[in-house]
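**Student:** Attaching a single structure in structure tokens format; questions to follow.
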DNA sequence: AATGAATGAGCTTTCATTCAT
DNA sequence: CATGAATGAAAGCTCATTCAT
């Protein structure tokens with residue numbers, strides 16, 4: 001009377017999770033707007049209708065997938081950033097967190113402005129995750145003449161610029177991995 | 001036998017120019033991918049089919065429009081940058097050039113990665129325009145420890161970040177106008 | 001060995017009855033074709049699949065619900081009509097019977113032709129119920145020149161016309177209640 | 001410069017008319033709600049998309065078709081009714097008008113309550129067409145005790161009842177044709 | 001007996017592109 | 001050269017029905 005429903009719910013949650021994870025892969029590789037609902041269903045090995053059983057609309061589906069993984073990215077960002085005391089350490093932590101989800105994160109950089117407001121808000125939250133730590137380590141820093149906000153946006157802008165143009169900067173392989181030290185070194189030395 | 005065709009061609013060129021200019025306005029306000037070919041035809045006062053008389057496909061059309069205005073932006077960037085001797089002057093010149101085409105330029109920042117490779121290449125050329133001057137004024141600068149390329153990308157990334165999130169940074173009005181001094185000051189003081 | 005199955009069957013019958021009664025309410029308010037099977041399951045507090053355990057198809061389900069309540073309506077019509085000796089009394093009895101199921105009956109008027117043949121046949125049986133009494137009281141009537149069948153259809157047609165256009169004739173409240181005397185009086189005086 | 005557009009428009013109007021006429025046939029035989037947009041396109045020999053070129057939505061399409069033919073029916077009703085001086089003549093005229101569009105009219109009787117408000121309103125206008133003449137000839141009539149409105153609704157209700165149940169009353173062939181004299185005679189003699 | 005997740009056929013609507021005039 | 005009607009491939013979403021548990 002109590003574990004049957006649980007088993008069912010479990011199965012349902014598994015399917016939902018499967019869809020979210022499948023979508024993550026597909027969105028990572030072909031983007032959000034170039035992916036049809038049926039693509040994901042097919043890749044997940046479920047029927048087209050099943051996707052709509054778990055998510056009411058395509059927009060809602062994308063929002064849930066983005067929300068799910070942005071939470072993970074934000075969490076991971078925190079984890080990796082926590083122990084960083086220097087700016088350099090923090091920047092590396094930030095890039096390490098992104099690296100774990102690089103393709104997906106890059107897709108968000110590319111498409112977030114074309115998606116729903118909810119997705120954009122969610123993506124901005126990810127940036128807040130690092131923002132807090134940024135402020136923390138920055139306080140110890142001399143160059144107080146420059147607005148921390150602008151400094152933060154400069155870092156974010158820099159990283160997003162590399163990700164957005166990853167195909168140019170690092171035609172194959174990870175842009176972040178390729179430019180990790182160059183970018184962190186440069187940014188740190190600017191503030192030195 | 002020689003000026004009749006010319007008259008025709010002239011008319012044709014006029015129509016083409018009309019389409020390009022109309023598209024510029026519409027793309028600036030609604031974006032590339034949210035605009036239907038018929039929207040532009042209607043706004044230009046020509047028939048839907050006429051657009052395809054001048055441009056084979058939607059993709060090609062967008063590419064031509066982007067190419068046309070990116071050339072203008074690049075040119076204008078050169079004009080305004082030429083006389084700049086200091087970094088600050090240059091950055092201001094750059095922003096001034098962008099300001100003249102801000103809505104369109106912003107749309108490129110938002111969507112270029114969703115468009116054809118040709119569009120992306122064209123957009124990158126615009127960035128080269130300022131890049132040259134950047135190198136020039138940077139040579140006089142002390143902070144040689146930092147890669148000029150990274151420095152340049154930092155500036156571009158910063159500006160694009162503000163444009164991309166213009167609706168957040170400056171819900172109404174021009175982001176560039178709003179943050180012009182803050183951004184240029186910050187960037188310059190970093191290199192001081 | 002004999003009462004266990006009975007208990008089960010009892011439970012099953014209860015569920016079936018619950019579904020039929022729930023469907024009656026929903027069909028009465030939203031109509032047959034605008035109601036999803038899942039709507040009824042949800043309203044009855046049973047699972048979606050349960051409906052199909054008791055009824056093979058949607059069509060069959062509707063047919064059973066209609067059959068069930070049409071039987072009741074026919075029965076009630078008989079009960080109320082039996083004691084009527086005059087035409088006027090009979091018409092009032094008829095309307096009183098309909099009034100008790102007005103919303104549902106109206107839905108049948110509206111949709112019966114869109115439903116299965118079985119539903120239509122069932123609905124016609126309801127009309128037979130009053131038809132018998134109609135003939136009875138009509139025999140005493142003078143205007144024998146007119147076919148009783150046509151006369152009967154005239155009455156049914158009149159009532160159905162008012163029910164069908166109830167939203168126009170009585171935007172709120174019962175059409176039958178509103179027009180009861182007007183319709184019976186008119187019909188009776190025609191035959192006087 | 002003036003007749004080319006006209007030729008074009010003519011062709012377009014022809015296609016639209018073709019669609020409306022084709023829809024008339026299909027709606028007449030299989031009803032409104034059982035007909036897919038693509039059915040009509042196919043029957044008209046045009047592409048599926050063409051239907052949407054001429055009508056924005058399915059609902060709008062049905063509304064236009066209904067409007068078109070209801071206008072014709074109303075007009076024809078007027079024409080045939082105008083010269084009628086007696087009630088009998090009028091009723092016959094009314095039935096003659098309906099007969100010309102019987103299948104379509106019957107479909108409206110069956111489905112109008114399931115269609116848009118616009119369709120319903122349009123259908124009611126058709127009934128107004130005969131209503132006017134009804135009042136006219138009724139004035140000469142004695143039985144003033146009965147409300148003309150109820151009398152009119154009785155006639156309409158009677159006819160609609162026969163049409164609605166045409167498959168029962170006249171399994172093959174026209175109900176109206178079959179019952180024309182029976183109905184008109186009965187109705188007239190009631191008022192005698 | 002009951003459940004409810006999964007299925008998949010079905011249908012509307014959109015829009016870049018074509019082509020006869 | 002210009003027109004704009006016609007095309008038809010997509011794609012999202014719905015819901016009756018099935019079936020493993």
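**Student:** Round to the nearest 10 and give me the degree value, 0 to 90, for the angle of helix C:3-30's Cα axis relative to the longest principal axis of chain C.
**Tutor:** In chain C, helix C:3-30 runs at an angle near 50 degrees to the longest axis.
**Student:** Please report, in cubic angstrom per residue, the volume enclosed by the convex hull of the alpha-carbon atoms of segment D:57-191.
**Tutor:** 98
**Student:** So what is the relative contact order of segment D:10-120, in percent, for Cα pairs below 8 Å that sit 6 or more residues apart?
**Tutor:** Rounded, it is 31 percent for segment D:10-120.
**Student:** Hey, another quick one. Could you check the spin-label model distance between residue C:21 and residue B:42? Points 7 Å from the Cα along Cα→Cβ, value in nm.
**Tutor:** 5.5
**Student:** Given only helices, namely DSSP H runs of n ≥ 4 each adding -39500 (n - 2.57), what is the per-residue ellipticity at 222 nm of chain A, to the nearest 500 deg cm²/dmol?
**Tutor:** So the helix-based figure for chain A works out to -26000 deg cm²/dmol.
**Student:** When each copy gets a label point 7 Å from Cα toward the beta-carbon at residue D:182, what are the spacings between them in nm, shortest first?
**Tutor:** Copy-to-copy label distances at residue D:182, shortest first: 3.0, 8.6, 9.4 nm.
**Student:** Still on this structure, I have one more. Residue by residue through C:145-152, how many Cβ atoms from other chains fall within 10 Å of the Cβ on average?
**Tutor:** 4
**Student:** To continue, here is another question. Could you state the angle between the C-alpha long axis of helix A:117-139 and the longest principal axis of the C-alpha atoms of chain A, as a value from 0 to 90 degrees rounded to the nearest 10?
**Tutor:** Helix A:117-139 and the main axis of chain A meet at about 30 degrees.
**Student:** Please work out the FRET efficiency for the pair residue A:124 and residue B:182, using the Cβ-Cβ distance as r and a Förster radius of 22 Å; give the result to the nearest 0.05.
**Tutor:** It comes to 0.65.
**Student:** Determine the shielding of peptide D:180-189 by partner chains: average, over its residues, the number of Cβ atoms on other chains within 10 angstrom of each Cβ.
**Tutor:** 3
**Student:** Let me check against my output: what whole-number percent is the relative contact order of segment B:1-55, with C-alpha pairs under 8 Å and at least 6 apart?
**Tutor:** 30
**Student:** If one computes P(r) from the Cα atoms of segment A:2-92, what percent of pairs lie at distances over 18 Å?
**Tutor:** Result for the distance tail: 54 percent.
**Student:** Taking a spot 7 Å from the Cα of residue D:14 along the direction of its beta carbon, which residues of segment D:22-66 have an amide N less than 12 Å from it?
**Tutor:** Counting backbone N atoms under 12 Å from the label point, the list is empty.
**Student:** Calculate, axis by axis, the spread of Cα positions in segment B:1-55 along the three principal axes, and write the results as whole Å, longest axis first.
**Tutor:** That gives 44, 18, 16 Å along the principal axes, largest extent first.
**Student:** Same structure, new question: Taking R0 as 60 Å, what FRET efficiency do you get between residue A:33 and residue C:192 from their Cβ-Cβ distance, rounded to the nearest 0.05?
**Tutor:** After rounding to 0.05, the efficiency reads 0.20.
**Student:** Sort B:168, C:51 so the one with the fewest other Cβ atoms within 10 Å of its own Cβ comes first.
**Tutor:** Lowest to highest Cβ neighbour count: B:168, C:51.
**Student:** Give the chain A residue with the shortest beta-carbon distance to the rotation axis relating chain A to chain C, plus that distance as a whole number of Å.
**Tutor:** A:49, 4
**Student:** Looking only at other chains, what is the average number of their beta-carbon atoms within 10 angstrom of each beta-carbon in A:111-123?
**Tutor:** 2
**Student:** How far is residue A:170 from itself in the other copies, in nm, if each label sits 7 Å out from Cα along the Cα-Cβ line, shortest first?
**Tutor:** Distances to the matching label points in the other copies: 3.3, 7.6, 8.2 nm.
**Student:** Kindly state, as a whole number, the per residue volume in cubic angstrom of the convex hull around the alpha carbon atoms of segment B:39-125.
**Tutor:** In segment B:39-125, the Cα convex hull volume per residue is 103 Å³.
**Student:** Next question. Order B:59-72, D:27-40 from most to least packed using the mean count of other Cβ atoms within 10 Å.
**Tutor:** With the highest mean Cβ count within 10 Å placed first, the list reads B:59-72, D:27-40.
**Student:** On to the next question. Could you give, in nm with one decimal, how far residue D:21 is from each other copy of that position, shortest first, with labels 7 Å out from Cα toward Cβ?
**Tutor:** Once sorted, the set of distances for residue D:21 reads 4.7, 5.8, 6.2 nm.
**Student:** Of all the Cα-Cα pairs you can form in the protein assembly as shown, what percent are over 50 Å apart?
**Tutor:** 45
**Student:** Output the relative contact order of chain D, whole-number percent, from Cα pairs under 8 angstrom with separation of 6+ residues.
**Tutor:** So the answer I get is 22 percent.
**Student:** Using alpha carbons only, how many degrees (0 to 90, rounded to 10) separate the axis of helix B:148-164 from the longest principal axis of chain B?
**Tutor:** In chain B, helix B:148-164 runs at an angle near 60 degrees to the longest axis.
Readers should treat all values here as calculations from the given coordinates under stated rules, not as data from a laboratory. In this text, all values refer to a predicted model and were calculated from it rather than measured experimentally. Quick reminder, even Gly has a Cβ in these numbers, built from the backbone with ideal geometry, and neighbours come from all protein chains shown.
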